[in-house]
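Q: Would you mind keeping the following structure in view while I ask a few things?
The values are calculated or read from the model by the stated rules, or taken from the named source; none is laboratory data. All values derive from a computational prediction rather than experimental measurement. Ideal geometry is used to build each Cβ from the backbone, glycine not excepted, and the neighbour counts take in all protein chains shown. These area figures cover heavy atoms from the full protein model, side chains too; ligands, DNA and RNA do not enter into them. Shrake-Rupley method; radii C 1.70, N 1.55, O 1.52, S 1.80 Å.
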Amino acid sequence: MTMQATPGRLVGQRVRRREDPRLVKGRGNYVDDMKLPGMLHLAFTRSDVAHGIIRSIDTSAAQAMPGVELVLTGAQLAEMIPPMPVATPFPAPDHHSVTPDRVRYVGEPVAVVVATDRYLAADAADAIVVDIEELPAVVDPERAMSGDPAVIHDAFENNLAVPLAPAGTGVNPATLEVEDESALNEAFEQADVVISQRILSQRLVPNAMEPRGVIARFEPGNDELTVWSTTQNPHIARTLLAAILGMGQHQVRVIAPDVGGGFGSKINVYGEDFVAAAISRRLGLPVKWIEDRSEAFMTTIHGRDVLCYLDLAATGEGKILAVKMRLIADIGAYEMVLTAAIPTLVAFMISGVYDIGVVRCDLTEVFTNKMPTDAYRGAGRPEGIYFLERGIDMLAARLEMDPAELRRRNFIQPEQFPYTTAGGMVYDSGEYERALDTALANAGWEQMKADRDAARAEGRLVGLGLSFYTEICGFGPSAAMPSVGLWEHASVSVERDGKVRATTGVSAHGQGHETTFAQMLADEFSIPMDDITIVHGDTGQVRGGTGTFGSRSQVVGGTALLLAASKVQDKMRRFAAPMLELQPADLSFSGGMIGPSGREETGVAFADVAAFAYVPIPLPPDTEPGLSEEAFWEPEGFTWPFGCYISQVEIDRDTGELELQRFVGVDDCGNVVNPLIVAGQIHGGIAQGVGQAMTEEAVYDEESGQLVTASFMDYAIPRARDLPRFELDHTVTPSPLNPLGVKGIGEAGTIGSTPSIVNAAVDALSGFGVEHIDMMLRPEKLWRLIQGGDA
Amino acid sequence: MIPSAFEYRRAGSVDEAIALKREAGSAARFIAGGHSLIPLMKLRLSEPSVLIDIGRVPGLSGVSEDGGRISIGALTTHADLESDPLLLAVAPIVAEAAGEIGDQQVRNRGTIGGSLAHADPAADLPAVVVALDAAIHIAGADGPRAVAASDFFRGLFEVDLGEDELITAVSFDRPSRAAYAKLRHPASHFAIVGVAAALTVEEGVCTGARVAVTGASTHARRLSAVEEALTGSRLDDDSIAQASAAASELGDVNADLAGSEEYRRAMTRAFTGRAIAAAASR
């Protein structure tokens, strides 16, 4: 099956998103748009200190307010629901939806109010008096590892959530024992050059446009719970809600209506969701909770916050011999669903796109008095690629070698695929040099270098940065997440009028599945897109699913849909065959007709076959009536998209302000179903990468543990005027692991952009002896480097 | 992000607004565009029990000129200032500074009177009105009065405005050469440092200078040492650099994530130079 633009086919075309008219006209349906009869509202009282022991909670004033139906403290809720679930194999401390005894980060809920009105609920939550005996807070992970000045969970000595998880050469993957360091030691002894650098991928706030929200409706009459949630994965949410509430999955329905972005932050089921469900069950009434923006900053998961001590060994010709990363992940105060797993993805990325004989990645995860981290767009891959690509650029500078040439010398070659890295990852396909050459040509790399040198001669601080990324995508197989599985489900029904209703277990929250999946089915059945409805985000309508994250929707969800469609096509051929007095195998779909291959126009109309399938007189032998099929599909391995990003920056000598002047990108995500949507994903991803590089950093006060950047007045996500026009292109290297040949593109932009921009900034300041700058590239930090001080 | 309960009153005239305020007392606040007050209310950092909306009081909006004196009504929005043909022609510094405020939505709602009355230490327009030697026109129960902009701003969120008073207009003489230069906070777009310079130049020599800074300290204030250094000097790169150097001699300077004290002093110097150079080239 080819996925390039072919005349008469929709796959490969820049089809505009069908979702947009309703969303931009305000006709979407978000959780907060819904009002149910009798619905009550929740508000949470939250800790305003980072660490402490709850001495008392006085709820009397709140309870006395007319319209306040119920007030519950964490201790009372702990008797109603158990601690929250974790889907990782590491030991985790109890994490209650509302803390019963001790607070460990600013914003942690300590009590909940149920009231007839949202404003009243907020007033009542404010009226609750919490007496907390403050303990010292610790927000620096390296300090936390000493156990001083605070141990956050008594059972986790020195705040070590995951004390040490080594991976790579010389490590037994089953026991995580370091068995043989000789190859590692030998590589560093043989090296002509060793690069060593401490590098931070700083903490970020995901900031989906729509904050979190939940409506829970327990119906006492039939013991059924329906939850409307801003989730990215309603089926996982159903599994976790049922488990925590002690209900069967058949009693729980989770609906994700229109969801305004997630970036990974809406994978988790949060404490507020469990509390809403438990309170609805207790009261027999629907309850709603909508997060406000302050809560979103403080209490929706954060991303990244991984520190790397990088060592890279190479020959004088630039051949990389070994890469070593010692990682310290600051995971915040608790483990959430995937918290502990995300930093392990950093280790998976350690080889990047290079043929490196020896790799070693030692990971330590540390508790601090901050909001827990979890998956944020890219989730582990931006960190890993950033650390490696910074090291590669430092090596290029040290060797005075063109950074493109250095990378070229180390690329894994096309004939080496499938390629197994020294860390045991299996890459599906790749042709890196083609993407590099395309990017260099599109950018005019040699001219850019000449222009940079000319600008430098005038005293201007112009810099160029290049990065090359790959990423692990298209999650599963299930072995990668045994707690829930990583397959996908789809169903396709052709109704009796020839219209198609398909369901998918992936759950779009901005990805445009209603468009791309309809494009695919329109081609398969050769009918108009308008005749096709894609249903997602409702466990009551979608029989199975895992969800949308890890750039897996097109790869896994798309393939499942294709397989379900193919089953329906087979069945339609069986119905059409007697109508045409031909064999099913001779029939194909074209122009709204089913007929002999190549002469479909002489066959029968698609809709007529559909009608016959529902009134089959006579019923063809060994055939059930109706046209509805489903498919589960699980990939055998990960897909590995890749690409090359080139940045040009200029730094203002007086102020340290950095301007991103050019951004040239070449992405290879295999075959492309909808180039417009793929471009949108890349644009958004790059913008978030620009944010991490230049404007975003979640900062906690070292002493008080307060989140200093707790609003959009302090935390800057990039605006349009901060961004240049992106100059984008593609190469196409299909994945052999799925019939669509797709690889996934949802996160790529965040991965390659940060090293590209930081490499450019370092290049711009190379005249000042600068070798590395930690993100974010604050103007003051750059100004100090220019002044010759410390960054 | 959920404000406390409050009562809402709408005033139809300045006199009615003042009467409503006197009646409601100190827990009441005037509101116009609301872009300073409402964010504070959402965070419950401000919990007025009564809001008196002056946003629709007639006659308080627009820009006019009378005999070389320019007058701007207090309810004129930043967006209106930004695109006002008269300002663009005769006092482009005001339009420029207004155009640098926040983003388009903020500029569509925020008003000059609100910005001056609120007196955020990093707001743009206070520096501009101080540099232009503007008069702030104030209405109150005891009748109207006017105060010089440089006397109006007194400290952190502290201005010369009584409990029951409100700003009705700002007026200033048509400036000769004036410009505003600003280092923008990446998130809020407030001024990390903003400098407004208004110069009088005769045959290349600066015969008068008013330079004011915002963002650097508690409130917008004049940089007298810079003004003195400029006055009488022939304007060129050297003299501008020399005069700007005097900008470092600020008193206490703000420090936060966006800029340490040292950085803000350096940026005050740099943007003083930029504002003077831009003004000189007008």
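Q: Tell me which residues, restricted to the range A:402-418, are touching a strand residue (DSSP E or B) at 6+ places or on another chain (Cβ under 7 Å) and either not hydrophobic (A, V, I, L, M, F, W, C) or not in a helix (DSSP H, G or I) (or both).
A: A:403, A:407, A:410, A:411, A:412, A:417, A:418
Q: Is at least one residue of the range A:664-686 facing chain B (nearest Cβ under 10 Å) and under 29 Å from residue B:188 (Cβ atoms)? Please lay out each step first, then the result.
A: Our first condition is that a residue be facing chain B (nearest Cβ under 10 Å); within the range A:664-686, this holds for none.
There is no residue in the range A:664-686 that is facing chain B (nearest Cβ under 10 Å) and under 29 Å from residue B:188 (Cβ atoms).
Q: Right, here's the next one. Determine whether the range B:41-51 contains at least one residue that is closer than 23 Å to residue A:127 by Cβ, in contact with a Phe, Trp or Tyr (Cβ under 9 Å, 6 or more places away or on another chain), of a type outside the set (S, T, N, Q) and in a loop (DSSP other than H, G, I, E, B).
A: Scanning the range B:41-51, I find at least one residue that is closer than 23 Å to residue A:127 by Cβ, in contact with a Phe, Trp or Tyr (Cβ under 9 Å, 6 or more places away or on another chain), of a type outside the set (S, T, N, Q) and in a loop (DSSP other than H, G, I, E, B), so the answer is yes.
Q: Taking the residues in the range B:217-267 that are assigned to a strand (DSSP E or B) and more than 14 Å from every other protein chain (Cβ to nearest Cβ) as candidates, determine which candidate is nearest to residue A:714 (Cα to Cα).
A: B:221
Q: Then there is this: If I ask for residues that are more than 23 Å from residue B:176 (Cβ to Cβ) and open to solvent by 30 Å² or more (accessible area, probe 1.4 Å), which ones from the range B:65-82 would you list?
A: Within the range B:65-82, just B:80 meets the criteria.
Q: Has the range A:717-729 got any residue that is away from every other protein chain (no Cβ under 14 Å), aliphatic (A, V, I, L, M) and either without any contact (Cβ under 8 Å) to a residue 24 or more places away in the chain or more than 18 Å from residue A:264 (Cβ to Cβ) (or both)?
A: Step one: list which residues in the range A:717-729 are away from every other protein chain (no Cβ under 14 Å), which gives A:724-729.
Checking the rest, the ones that are also aliphatic (A, V, I, L, M) come to A:728.
If we keep only those that are either without any contact (Cβ under 8 Å) to a residue 24 or more places away in the chain or more than 18 Å from residue A:264 (Cβ to Cβ) (or both) as well, we get A:728.
Scanning the range A:717-729 turns up at least one residue that is away from every other protein chain (no Cβ under 14 Å), aliphatic (A, V, I, L, M) and either without any contact (Cβ under 8 Å) to a residue 24 or more places away in the chain or more than 18 Å from residue A:264 (Cβ to Cβ) (or both).
Q: Based on what the data block shows, is residue B:181 away from chain A (no Cβ under 14 Å), closer than 29 Å to residue B:64 by Cβ and either in contact (Cβ under 8 Å) with a residue 40 or more places away in the chain or in a strand (DSSP E or B) (or both)? Lay out the reasoning, then the answer.
A: Numbers: away from chain A (no Cβ under 14 Å): no; closer than 29 Å to residue B:64 by Cβ: yes; either in contact (Cβ under 8 Å) with a residue 40 or more places away in the chain or in a strand (DSSP E or B) (or both): yes.
Against the criterion (away from chain A (no Cβ under 14 Å), closer than 29 Å to residue B:64 by Cβ and either in contact (Cβ under 8 Å) with a residue 40 or more places away in the chain or in a strand (DSSP E or B) (or both)), residue B:181 does not qualify.
Q: Sticking with this structure for a sec: Which condition breaks for residue A:289 when tested against (1) within 14 Å of chain B (Cβ to nearest Cβ); (2) in contact with a Leu (Cβ under 9 Å, 6 or more places away or on another chain); (3) surrounded by fewer than 24 Cβ atoms within 10 Å (Cβ to Cβ)?
A: (3)
Q: Which residue, of B:143, B:67, B:113, B:102, is under 22 Å from residue B:27 (Cβ atoms) and not hydrophobic (A, V, I, L, M, F, W, C)?
A: B:113
Q: Report the residue count in the range B:184-216 for those that are in a loop (DSSP other than H, G, I, E, B) and either more than 14 Å from chain A (Cβ to nearest Cβ) or of a type in the set (A, V, I, L, M, F, W, C) (or both).
A: Of the residues in that region, 5 qualify.
Q: So how many residues does the range A:136-180 have that are of a type in the set (Asp, Glu) and part of a loop (DSSP other than H, G, I, E, B)?
A: 5
Q: Which residues, counting only those in the range A:419-451, are touching a residue at least 12 places away in the same chain (Cβ under 8 Å), out of contact with any helix residue (DSSP H, G or I) (no Cβ under 6 Å at 6 or more places or on another chain) and assigned to a loop (DSSP other than H, G, I, E, B)?
A: Of everything in the range A:419-451, those that are touching a residue at least 12 places away in the same chain (Cβ under 8 Å), out of contact with any helix residue (DSSP H, G or I) (no Cβ under 6 Å at 6 or more places or on another chain) and assigned to a loop (DSSP other than H, G, I, E, B) turn out to be A:421, A:422, A:423, A:424, A:428, A:429, A:430.
Q: While we're here: Could you check the range A:204-267 for strands (runs of 3 or more DSSP E) lying wholly inside it with 3 or more residues that are over 24 Å from residue A:481 (Cβ atoms)?
A: Of the strands (runs of 3 or more DSSP E) lying wholly inside the range A:204-267, those with at least 3 residues that are over 24 Å from residue A:481 (Cβ atoms) span A:213-219, A:224-229.
Q: What residue, of A:780, A:747, is within 14 Å of chain B (Cβ to nearest Cβ) and open to solvent by 10 Å² or more (accessible area, probe 1.4 Å)?
A: The match here is A:780.
Q: If you don't mind, another one. Just the residues that are in a strand (DSSP E or B) and surrounded by 21 or more Cβ atoms within 10 Å (Cβ to Cβ), please, taken from the range B:166-178.
A: B:166, B:167, B:168, B:169, B:170, B:172, B:178
Q: If you don't mind, another one. Output the residues belonging to the range A:516-548 that are open to solvent by 20 Å² or more (accessible area, probe 1.4 Å) and at positive phi.
A: A:526
Q: Sticking with this one: Show the residue pairs meeting these rules: Cβ distance below 8 Å; 6+ apart or different chains; first residue within the range A:113-124 and more than 16 Å from residue A:291 (Cβ to Cβ); second residue in a loop (DSSP other than H, G, I, E, B) and among the aliphatic types (A, V, I, L, M).
A: Taking only residues 6 or more apart or on different chains, the pairs are A:115/A:65; A:120/A:65; A:123/A:65; A:123/B:5; A:124/A:65.
Q: Show the residue pairs meeting these rules: Cβ distance below 8 Å; 6+ apart or different chains; first residue within the range A:531-547 and under 15 Å from residue A:29 (Cβ atoms) and part of a strand (DSSP E or B); second residue open to solvent by 30 Å² or more (accessible area, probe 1.4 Å) and modelled with pLDDT of 95 or more.
A: Close Cβ pairs (under 8 Å, with a partner that is open to solvent by 30 Å² or more (accessible area, probe 1.4 Å) and modelled with pLDDT of 95 or more) amount to A:535/A:501; A:535/A:541; A:536/A:514; A:538/A:253.
Q: Follow-up. Output the residues belonging to the range A:163-181 that are charged (D, E, K, R) and either closer than 21 Å to residue A:330 by Cβ or more than 31 Å from the chain's Cα centre (by Cα) (or both). So that I can check it myself, show each step before the final result.
A: Within the range A:163-181, the subset charged (D, E, K, R) is A:177, A:179-181.
Of everything in the range A:163-181, those that are charged (D, E, K, R) and either closer than 21 Å to residue A:330 by Cβ or more than 31 Å from the chain's Cα centre (by Cα) (or both) turn out to be A:179, A:180, A:181.
Q: Only one residue in B:195, B:205 is buried (at least 24 other Cβ atoms within 10 Å of the Cβ) and not assigned by TED's automatic domain parsing to the domain that holds residue B:144, so which one is that?
A: Testing whether each residue is buried (at least 24 other Cβ atoms within 10 Å of the Cβ) and not assigned by TED's automatic domain parsing to the domain that holds residue B:144 leaves just B:195.
Q: Counting just the residues of the range B:268-282 that are open to solvent by 10 Å² or more (accessible area, probe 1.4 Å) and assigned to a helix (DSSP H, G or I), which one comes out nearest to the other protein chains (Cβ to nearest Cβ)?
A: B:270
Q: In addition: Among (1) within 14 Å of chain B (Cβ to nearest Cβ); (2) within 14 Å of residue A:31 (Cα to Cα), where does residue A:258 come up short?
A: (1)
Q: Which numbered condition in (1) open to solvent by less than 40 Å² (accessible area, probe 1.4 Å); (2) among the aliphatic types (A, V, I, L, M); (3) out of contact with any Asp or Glu (no Cβ under 6 Å at 6 or more places or on another chain) is the only one that residue A:114 fails?
A: So residue A:114 meets the others, but not (3).
Q: Let me ask you something else. Out of everything in the range B:18-49 that is closer than 13 Å to residue B:163 by Cβ and open to solvent by less than 20 Å² (accessible area, probe 1.4 Å), what residue ends up being farthest from the other protein chains (Cβ to nearest Cβ)?
A: Only one residue fits best here, namely B:18.
Q: Over 15 Å from residue A:271 (Cα atoms), at pLDDT below 95 and outside the structural domain of residue A:52 (by TED's automatic domain parsing) - does that describe any residue in the range A:85-99?
A: No: zero hits.
Q: Just one of (1) outside the structural domain of residue B:129 (by TED's automatic domain parsing); (2) without any contact (Cβ under 8 Å) to a residue 60 or more places away in the chain; (3) part of a helix (DSSP H, G or I) trips up residue B:82, so point out which.
A: Of (1) outside the structural domain of residue B:129 (by TED's automatic domain parsing); (2) without any contact (Cβ under 8 Å) to a residue 60 or more places away in the chain; (3) part of a helix (DSSP H, G or I), only one is false for residue B:82: (1).
Each row is one residue, and each column tells you yes or no for (1) acidic (Asp, Glu); (2) open to solvent by less than 60 Å² (accessible area, probe 1.4 Å).
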site	(1), (2)
A:154	yes, no
A:168	no, yes
A:172	no, yes
A:176	no, no
A:183	no, yes
A:191	no, yes
A:202	no, yes
A:207	no, yes
